[in-house]
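Worksheet: the structure to be examined is printed underneath.
The values are calculated or read from the model by the stated rules, or taken from the named source; none is laboratory data. These numbers come from a predicted model, not from an experiment. Note that each Cβ is placed from the backbone with ideal geometry, even for glycine, and that neighbours are counted across all protein chains shown.
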Amino acid sequence: MTEVKTQEGVLPTKELYHPNIGSYQQAYKESIEKPEEFWSKQAQVLDWHRRWDKVLDESDAPFYKWFVNGKINASYNAVDRHVLRNKRNKAAYIWVAENGDEKIITYDGLYRRVNNFAKALLELGIKKGDRIIIYLPMILEAPVAMLAAARIGAVFSFVFAGFGAGALAERINDSKATMVITADGAFRNGKVVKLKSIVDEAIEQTSTVRTVVVVERTKIDVQMEEGRDIWWHIVTRDSHAYVEPEWMDSNDPLYILYTSGTTGKPKGAVHGNGGYSVWIANTLKWAFDPEDDDRWWCAADIGWVTGHSYIVFAPLFLGLTSIMYEGAITFPAPDRMWEIIDRYRVNILYTSPTAIRTLMRYGEKYPKMHDLSSLKVLGTVGEPINPAAWKWYYENIGKSNCPIIDTYWQTETGGFMISPSLSLGLPPLKPGSATFPMPGIDPVILDDKGNEVPNEEKGFIAYKRPWPGMFLTLNNDPERFKKTYFEKYKGMYYCGDYAIRDKDGYYWLLGRADEVLNVAGHRLGTIEIEDALIASREVAESAVFGKPDPVKGEVIVAFVVLKEEFEHDRDIVTNLRKRIREDLGPIYVPEEIHLVKLLPKTRSGKIMRRVVKAVALKQLPGDISTLENSVSVDEIKAAIESFRKEAGD
């Protein structure tokens, strides 16, 4: 063991290095200076049916092509090769239902299920290049459906099971899907979400769907349209099927995943077979260094890119055992996550800062109820983690003995872009910083005119060169692909995020550039204010937005959820104002601070700031079909109404 100093004390970590490329500095240098040689070596993490002719073709930039003319199949790499070698009887998934039931599926069991459903897809008329929608909860049929589609070369689009009929219909129409795979319903917080009914409503707004395959999960009554709808268990009766993998070109599409539609029409990011697979397998290995007998838990939803990359494809490519949990992390009690870690001896936990802050609210008593000593690595994903949450996670969950792998990336990037690397050499960790770029990633921080800003100054983060995991294009919209991501800074990928590079070269991600307030001519990031609020010992969660003001342009409004042990009172609000003034300066002090018990969140745990703002300003909040709890909207309304009464408004 070697000691690595952090801002929070001393962090013990293993000093492990990749056998071929040595330390992080060596690997990074090779990836930038000799990218063809570097990526040729890294591509060997997978089995290829035909080796590529060229690592990277930039002739039609920004439509980059990786591993040109290479032939590969993601399903084969996820299951077949493990069955053919030495992992046939190893657990691929340990699945935990919301009610605590469990199923364990081995690599051989997964192989059989994937082949059975691949045969069913072929018999139902699905062929290479066809588009299918997967609208499933966190059940084992979800990865099976994804891998079966990949096996036959069908392009799938997984739609998060929290979306409503309108959002689902929009994605069906854009992808021109001919099949939807769904379930009768899903369990969530002890209740049933009627998925099949949502699908029926969505299909009324579409014209391309010919077949609906339905998994029987909740056993509720559903309408089954004759000639269109069919049960999963009926079409997968052949338990000994075998389907030869379709050997896909490296740059053939694997899946389409739609990004958020809160600021316009959802964008269908198209990821390919070869480069994407190489990228996610290597980034998981570099960042977390999972060992063969580790139990890996990516506590996300398969419907998001985190689930695609790090619940399904990358862990299976590496032959890992993954925990897969069906329900909400606070149901039936706030110790559900810790109970699962204890019961299944989880070694690596990868979750979101939002989830951490949610669980922080309930205090230390719940994690103390369980043995978390099996954990050796922690990770975060989805948004920048504020230092207070980092510290709580490190001390209370990792017992000050687990490095935190803070990963920064996006739907469009496929996998981790900036992250500590356990296998290549872990750097000293700074709470709140994602540390350094992954090999092959060449970031730069620029001002609005494209000039590189000095260290310690905020700017827009962009990337000077392509990487294997980047998306191929936007579905049906190549012009939007070029305009959105490559026009702001010519020749560079622009992702729309603010960042700072400190004097030691560490990267600090500051959230979306469009989440900026203009207060009396000062451009302030909402995340800075939220972090300052959460740093207070009383605060569990916060959401900040800008309210129009005739004098200042905007004033700051904050909604705050207190930790369980604190009562709502005016002294807390006064103290919060004082601390923000001291920490950030008077310009950052919110005009209004409202204490609420809940904030509107998606079912994946992200705070819906647009809903907070819309409800507070008496505007239409737009689509709230992904809302976890509608009571949170009532909380916002009640807080505003109380504030107005007190103000005599």
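Okay, residues lined up against (1) more than 26 Å from Gly100 (Cβ to Cβ); (2) of a type outside the set (Gly, Ala, Ser):
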| position | (1), (2) |
| --- | --- |
| Thr178 | yes, yes |
| Lys196 | no, yes |
| Ala202 | yes, no |
| Val215 | no, yes |
| Glu225 | yes, yes |
| Asp238 | yes, yes |
| Trp247 | yes, yes |
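Scanning the stretch 472-492 for residues that are outside any helix (DSSP H, G or I), more than 19 Å from Val305 (Cα to Cα) and in contact (Cβ under 8 Å) with a residue 60 or more places away in the chain yields Asn476, Asp477, Gly491.
When restricted to residues that are within 24 Å of the chain's Cα centre (by Cα), not in a strand (DSSP E or B) and not small (Gly, Ala, Ser), the stretch 174-193 contains 2. When the stretch 232-282 is filtered for residues that are in a helix (DSSP H, G or I), closer than 14 Å to Arg113 by Cα and either β-branched (Val, Ile, Thr) or touching a residue at least 24 places away in the same chain (Cβ under 8 Å) (or both), the ones remaining, listed by number, are Trp232, Ile234, Val235. If I filter the stretch 381-408 down to residues being of a type in the set (Gly, Ala, Ser), surrounded by fewer than 22 Cβ atoms within 10 Å (Cβ to Cβ) and in contact (Cβ under 8 Å) with a residue 40 or more places away in the chain, which single residue comes out as nearest to Ser542 (Cα to Cα)? The selected residue is Gly382.
The stretch 31-96 holds strands (runs of 3 or more DSSP E) entirely within its bounds, and those carrying 1 or more residues that are among the hydroxyl-bearing types (Ser, Thr, Tyr) map to 91-96.
Scanning the stretch 495-515 for residues being in contact with a Ser or Thr (Cβ under 8 Å, 6 or more places away or on another chain) and buried (at least 18 other Cβ atoms within 10 Å of the Cβ) gives a total of 6. With respect to (1) in a loop (DSSP other than H, G, I, E, B); (2) of a type in the set (Gly, Ala, Ser); (3) in contact with a helix residue (DSSP H, G or I) (Cβ under 7 Å, 6 or more places away or on another chain), the lone exception for Ser309 is condition (1).
Selection of the stretch 81-96 for residues being among the basic types (Lys, Arg), within 17 Å of Pro245 (Cβ to Cβ) and at pLDDT 95 or above yields only Arg81. Within the stretch 528-551, being surrounded by fewer than 16 Cβ atoms within 10 Å (Cβ to Cβ) and over 12 Å from Lys563 (Cα atoms) holds for Pro548, Asp549, Pro550, Val551. Specify the residue that is surrounded by the fewest Cβ atoms within 10 Å (Cβ to Cβ); the eligible residues are those in the stretch 472-494 that are in contact with a helix residue (DSSP H, G or I) (Cβ under 8 Å, 6 or more places away or on another chain) and not aliphatic (A, V, I, L, M). This residue is Asn476. For the residues Pro266, Pro253, the requirement of being closer than 26 Å to Glu412 by Cβ and at pLDDT below 95 singles out Pro266.
Screening Leu349 on (1) hydrophobic (A, V, I, L, M, F, W, C); (2) under 28 Å from Tyr498 (Cα atoms); (3) part of a loop (DSSP other than H, G, I, E, B) shows it passes everything except condition (3).
Answer with yes or no whether Lys267 is under 28 Å from Val214 (Cα atoms) and basic (Lys, Arg). Criteria met by Lys267.
Please count how many residues of the stretch 63-90 are farther than 24 Å from Gly275 by Cβ, hydrophobic (A, V, I, L, M, F, W, C) and crowded, with 18+ Cβ neighbours inside 10 Å.
The total comes to 1.
Taking the stretch 580-592 as the range and being free of Cβ contacts under 8 Å to residues at least 12 places away in the same chain and either assigned to a helix (DSSP H, G or I) or charged (D, E, K, R) (or both) as the test, the residues that pass are Arg581, Glu582, Pro586.
Within the stretch 65-123, the set of residues being within 15 Å of Gly153 (Cα to Cα) and aliphatic (A, V, I, L, M) comprises Ile72, Ala74, Ala78, Val114, Ala118, Ala120, Leu121, Leu122. Considering the stretch 29-62, and only residues there that are loosely packed, with under 13 Cβ neighbours inside 10 Å and among the polar types (S, T, N, Q), the residue that is nearest to Glu246 (Cα to Cα) turns out to be Gln44. Residues in the stretch 148-173 that are under 19 Å from the mean Cα position of the chain (by Cα) and at pLDDT 95 or above: Phe156, Ser157, Phe158.
Can you name the number of the only condition in (1) touching a helix residue (DSSP H, G or I) at 6+ places or on another chain (Cβ under 9 Å); (2) more than 29 Å from Ile445 (Cα to Cα) that Glu565 fails? The one condition Glu565 does not meet is (1). Applying a threshold of 6 Å to beta carbon distances and a minimum spacing of six or more residues, or different chains, the list of pairs starting in the stretch 26-37 at a residue that is touching a residue at least 60 places away in the same chain (Cβ under 8 Å) and ending at one that is part of a helix (DSSP H, G or I) reads Glu30/Phe38; Ser31/Phe38. The residues of the stretch 202-231 that are β-branched (Val, Ile, Thr) and part of a loop (DSSP other than H, G, I, E, B), listed by number, are Thr206, Thr208, Val209, Thr218, Ile220, Val222. Pairs linking a residue in the stretch 565-579 that is closer than 17 Å to Leu598 by Cα to a residue that is in a helix (DSSP H, G or I) and at pLDDT 90 or above, with Cβ atoms under 7 Å and 6 or more positions apart or on different chains, are Phe566/Ile572.
Of the candidates Lys490, Lys482, the single residue that is out of contact with any Cys (no Cβ under 7 Å at 6 or more places or on another chain), at pLDDT below 95 and under 30 Å from Ser40 (Cα atoms) is Lys490.
Within the stretch 598-628, the only residue that satisfies the criterion of being in a loop (DSSP other than H, G, I, E, B), at pLDDT 65 or above and among the polar types (S, T, N, Q) is Gln619. Listed conditions (1) in contact (Cβ under 8 Å) with a residue 24 or more places away in the chain; (2) loosely packed, with under 14 Cβ neighbours inside 10 Å are all met by Lys194, apart from (2).
When you scan the stretch 321-340, do you find a residue that is among the charged types (D, E, K, R), free of Cβ contacts under 8 Å to residues at least 40 places away in the same chain and part of a helix (DSSP H, G or I), even just one? Within the stretch 321-340 (the criterion being among the charged types (D, E, K, R), free of Cβ contacts under 8 Å to residues at least 40 places away in the same chain and part of a helix (DSSP H, G or I)), the answer is yes, since at least one residue qualifies.
Condition check for Ala167 on (1) part of a helix (DSSP H, G or I); (2) in contact with a Lys or Arg (Cβ under 8 Å, 6 or more places away or on another chain); (3) surrounded by fewer than 24 Cβ atoms within 10 Å (Cβ to Cβ): one failure, at (2).
Kindly provide the set of residues from the stretch 97-118 that are surrounded by fewer than 19 Cβ atoms within 10 Å (Cβ to Cβ) and either assigned to a strand (DSSP E or B) or charged (D, E, K, R) (or both), ordered by number.
Keep residues of the stretch 97-118 that are surrounded by fewer than 19 Cβ atoms within 10 Å (Cβ to Cβ), which gives 97, 99-104, 106, 108.
Selection gives Asp101, Glu102, Lys103, Ile104, Thr106, Asp108.
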